[in-house]
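What follows is one structure encoded as structure tokens, with my remarks underneath.
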Amino acid sequence: MDVSNTHLLDEAVVTTTIDAVINWGREASLWPFVFGTACCAIEFMSTAASRYDISRFGAEVLRFSPRHADLLVVAGTISYKQAPILKQIYDQMPEPKWVIAVGACASTGGFYDNYTTLQGIDEIVPVDVYVAGCPPRPEAIIDAILDIQRQLKREKCFEVRNTEFKGKLDDA
Amino acid sequence: MPNTAIVIESSELLQTITHAKNSLGFTLLLDITAIDNLNKTHPSSTRFELVYILRHADFKETLIYKVAVADETVGVQSISSLFSSADWAEREVYDQYGINFINHPMLKRVLNHMQFEGHPLRKDYEITKGQYCTNAQDLMDEMKPLLKKRNLDLNKGDLMVVNLGPSHPASHGTIRTLVALEGETIVAAATEIGYLHRGFEKSCENHNYNQIIPYTDRLNYCSAVMNNIAFAKTVEDMMDITLPERGIYIRIIVGELSRVIDHLVCLAAGLLDMGGQTNYWYLYNPRDNAYDFLSKLTGARLTNSYMRIGGMTHDLYDGWEADLRDVLTKIDFGITESLKMIAHNRIFNDRLQNISVVSAKQAIDYCFTGPNLRASGVAYDLRFAKPYYGYETFDFDMVIGSVGDTYDRMMVRFDEMNESLKIIRQAIKRIPDGEINVNDKRIIMPAKSSVYGGIEGMMNHFMLVIEGVKVPKGEYYGAFEAANGELGFYIVSDGSGTPYKVKVRPPSFYHIAAYPKIIENYQVADAILTLGSLNIIAGEMDR
Ligand code: SF4
């Protein structure tokens, strides 16, 4: 068959890149692992409940096993005691994976500038989107998910991200 | 009006407290804490003092003992043989202050991690000095003696040790329980907390009283306003001031509303854990309606920071009544629909009844308070035992369980919501007009017009911001019936605008201490529901 005659195939074929196809699929099927520890996690519950309903954005399949998830949502204060657990969860997630820091605490330690609170999870794991608020409203959490979706569309789908990242707990 | 503590010698501590318990009837050990006198302006005999807070079996009288600790490395006698609740309370004092307790069964850290060095609540520990933790502890130091006591051997038979949490959907992200299983049955368990320890008490020591209010929001974040009220009320009691009637009514209304929200979240999540997802929607959605009301009123959905010492930020808005009534109707609907699905549901009843039974005697020994204690059949509610804010003038009932199982703990909460709705409806009818804040410019910020319009107002504003509300010298324990039980604040003031020390008496801390004991002999799936029914809120448990 002479494929140079595009007319023959009509609309049965579209040409695109592998990246575009795979990312298109990934975008609407993010599986979040919610690492919820504190007040922010309560607002995440609202995000998942019917009024805000994150399933509208394809991210409602909440997983509690890191092996099943590709989006780590850290909602709440992370203490130094919690930090190695968070790192372990992150390490257990298969590539590709993205991380959202929900709220002031996860992003910077928030107003807990003290002996027990990690001053931002980016000290130990790489973060893709930070959400401001204490706690952020559910709309802001949804916005962060949309941000991840926009971001991942521009990525190479087979590339492992964040190979350069070195966190405070990495050589331990 | 500070309450007076009885000072006793450390040598007679055990004897005195035994006497208080057995002869005087002080059967509830509410809390133990310590004071570090290092920076104190007045001289004191020793650097550390211990504070024991007890409550009488009639639930009215509070007794406070103070003990000077001559040498913290030697410490004092442990009272954990007298009260189960003393076990973890003493561990916390050891962790935070480094005071030893002689004959304690297992004195080790409880809030801070195992690699932590030093004792953070000592005055010479710098607040921002964080310490990285690289490893979790294996908890076998607690598990092994438990197994030995039960004549079990890890290497023989089908015994299996499994870790539940802290990253586990039903453990709220912050509670870790190591369980030894024989098949599906838990034969021994050890719980570890502290994953959400965020230094509330230390932070209090370098913020003034009104700056602490936002921190209190985050103790029990499911009923944030209630924590605001409890803290503000304690400080007001220390200063001997009372709010005008309207202010009190507003506190009752928003306080009871947050009790309802707290219970809604507890039940919604608990039922979700057992697979009753429809209940989650019915119970959780009216909560969002309540948040709409709160955000219209306070500007925030969850962390409201609505209260101030001596009152609150502003009055109710125009049209609040219609909004609130609408919320109440929706809550009513959610409760009714949810109960329709579960009240006569065989699965619900079979899975909850006679699970993790806590008898009245045990509950008191563990120092349970709030709905968890009432579920065990103990009629104790501060709104009845020691009414404040005129609760005695409202028509509502105390809800009490009979068995003390998971079922009772959940059903008590269902009924308590109805009682709170009753209170709110009466309060809406009765709320008077008038002022909401105390009329005292040393406490309440002046109106903006006078701050911008005159030097006196500006100075007044300036002083309140820089120095804060000054609280008379003294020590005080204030208790409040919060959603989860008795929320107490033990405050030491040196007369300045910043507290010398604040200790929270968190209900959840004592509930979780009992958890590993009450899940024994039940199955893993039961333990998950037990945890849900205790409504452990990590923010107040770990502080
Ligand atoms: S950011 Fe605020 S709301 Fe979120 S966990 Fe921290 S203190 Fe709580």
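Of all residues in the range A:81-99, those satisfying the criterion of being more than 9 Å from chain B (Cβ to nearest Cβ) and buried (at least 18 other Cβ atoms within 10 Å of the Cβ) are A:Lys87, A:Tyr90, A:Met93, A:Pro96, A:Lys97, A:Trp98, A:Val99.
Can you spot a residue in the range B:293-308 that is outside any loop (DSSP other than H, G, I, E, B), within 11 Å of chain A (Cβ to nearest Cβ) and farther than 26 Å from B:Gln426 by Cβ? Steps first, please.
From the range B:293-308, those outside any loop (DSSP other than H, G, I, E, B) are B:293-298, B:307-308; that's our starting set.
Narrowing further to those that are within 11 Å of chain A (Cβ to nearest Cβ): B:295.
Then keep just the ones that are farther than 26 Å from B:Gln426 by Cβ; that gives none.
No, the conditions are met nowhere in the range B:293-308.
Give, as residue ranges, the helices (runs of 4 or more DSSP H) completely inside the range A:17-126 that count at least 2 residues that are over 28 Å from B:Arg301 (Cβ atoms) and among the charged types (D, E, K, R). It would help to see each step written out before you state the result.
Working: elements: A:18-27, A:39-48, A:83-92, A:103-108.
So the answer is A:18-27, A:83-92.
When you check B:Arg374 against the structure, is it crowded, with 23+ Cβ neighbours inside 10 Å, assigned to a helix (DSSP H, G or I), of a type in the set (Lys, Arg) and touching a residue at least 12 places away in the same chain (Cβ under 8 Å), yes or no? Step through it out loud before you land on a result.
Working: crowded, with 23+ Cβ neighbours inside 10 Å: yes; assigned to a helix (DSSP H, G or I): yes; of a type in the set (Lys, Arg): yes; touching a residue at least 12 places away in the same chain (Cβ under 8 Å): yes.
So B:Arg374 fits the description; yes.
Here B:Leu243 fulfils each of the conditions (1) in a loop (DSSP other than H, G, I, E, B); (2) free of Cβ contacts under 8 Å to residues at least 12 places away in the same chain; (3) of a type in the set (A, V, I, L, M, F, W, C) apart from (2). Filtered by the rule that a residue be more than 16 Å from the ligand (Cβ to nearest atom) and facing another protein chain (nearest Cβ under 9 Å), the range A:66-80 gives a lone residue, A:Pro66. Taking the listed residues B:Asn135, B:Asn151, B:Asn163, the one that is polar (S, T, N, Q) and assigned to a strand (DSSP E or B) is B:Asn163, with no other qualifying.
Would you pick out the residues in the range A:130-156 that are among the charged types (D, E, K, R), part of a loop (DSSP other than H, G, I, E, B) and within 16 Å of the ligand (Cβ to nearest atom)?
Taking the range A:130-156 first, the residues among the charged types (D, E, K, R) are A:137, A:139, A:143, A:147, A:150, A:153-156.
Narrowing further to those that are part of a loop (DSSP other than H, G, I, E, B): A:137, A:154-156.
Selection gives A:Arg137 alone.
Restricted to the range A:101-129, and to residues there that are within 12 Å of the ligand (Cβ to nearest atom) and away from chain B (no Cβ under 14 Å), the residue that is surrounded by the fewest Cβ atoms within 10 Å (Cβ to Cβ) is A:Ser107. Of the set (1) away from the ligand (no atom under 16 Å from the Cβ); (2) free of Cβ contacts under 8 Å to residues at least 24 places away in the same chain; (3) within 14 Å of chain A (Cβ to nearest Cβ), all apply to B:Thr313 but (3). Residues that are buried (at least 23 other Cβ atoms within 10 Å of the Cβ), away from chain A (no Cβ under 12 Å) and either among the charged types (D, E, K, R) or not in a helix (DSSP H, G or I) (or both) within the range B:190-232 comprise just one, B:Thr191.
From the list B:Leu324, B:Leu382, B:Leu339, B:Leu352, the one residue that fits, being within 22 Å of B:Met411 (Cβ to Cβ), buried (at least 19 other Cβ atoms within 10 Å of the Cβ) and either out of contact with any strand residue (DSSP E or B) (no Cβ under 7 Å at 6 or more places or on another chain) or of a type in the set (Ser, Thr, Tyr) (or both), is B:Leu352.
Throughout, read-outs are computed from the coordinates displayed, never taken from laboratory work. What you see is a predicted model; the values in this text were computed from it and never measured. Glycine gets a Cβ as well: all are built from the backbone with ideal geometry, and neighbour counts include every protein chain shown.
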